[in-house]
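Following: one structure in structure tokens, then a few remarks.
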Amino acid sequence: MNNKHSEKYVFRLKTKKGVLREVKKHSTNNNYEACGIILGEDNYPEYKAVEVIRSDNIEKSSLSFEVDPDSFIEAHKKANKHGIEVIGFYHSHLSGDCAPSKKDKKGMKRWPDHVWLISASKDKNIEMEKEKDEIDLNLSAYMYTQNRYSDVEIVKI
Ligand SMILES: [Zn+2]
């Protein structure tokens, strides 16, 4: 799952700056793992993230997350309305490590062909300034597809 060891990326997540910004914003200043749902276009093996729906982490855990079913319903409604789809999920790791946990991997397996975007920072208290697009958070994306785990390249558009 490490970028260093992956060959060429097969899977891509194209994301608008605003989407990454929203994920980063949500991922800072949180005591629990932040999580949400990614809406966009599924052009397998390429995905395009259009917007994200924030969710409460109903596990209220700093080590894992569970998306609120109500947010999931909201996401589906919004996707239908906008003619897009639920293409994946995002969540944060407070440990500073973007690698998926054992539980994440189980979740990925339950949601094959869905992108898992993970943000990580050791510093929970980074201030997000309006004009500042680059903050000290790492972002990585993964997917379980064709019976294996794969890295997903994040392409800013
Ligand atoms: Zn995780």
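Quick notes on this one:
- Enumeration of residues in segment 24-82 that are within 12 Å of the chain's Cα centre (by Cα), within 24 Å of Lys106 (Cα to Cα) and among the acidic types (Asp, Glu): Glu33
- Check on Lys103, more than 16 Å from the ligand (Cβ to nearest atom) and either loosely packed, with under 15 Cβ neighbours inside 10 Å or part of a strand (DSSP E or B) (or both): no
- Every residue from segment 36-82 that is among the polar types (S, T, N, Q) and either within 16 Å of the ligand (Cβ to nearest atom) or out of contact with any strand residue (DSSP E or B) (no Cβ under 7 Å at 6 or more places or on another chain) (or both): Asn43, Ser55, Asn57, Ser61, Ser62, Ser64, Asn80
- Whichever residue in segment 109-123 is within 10 Å of the ligand (Cβ to nearest atom) and out of contact with any helix residue (DSSP H, G or I) (no Cβ under 7 Å at 6 or more places or on another chain) and, among such residues, is nearest to Asn31 (Cα to Cα): Ala120
No value in this document is a laboratory result; all are computed from the given coordinates. Bear in mind that the values here come from a model prediction, so they are computed numbers and not experimental data. As a convention, Cβ positions derive from the backbone with ideal geometry for all residues, glycine included, and neighbour counts pool all protein chains shown.
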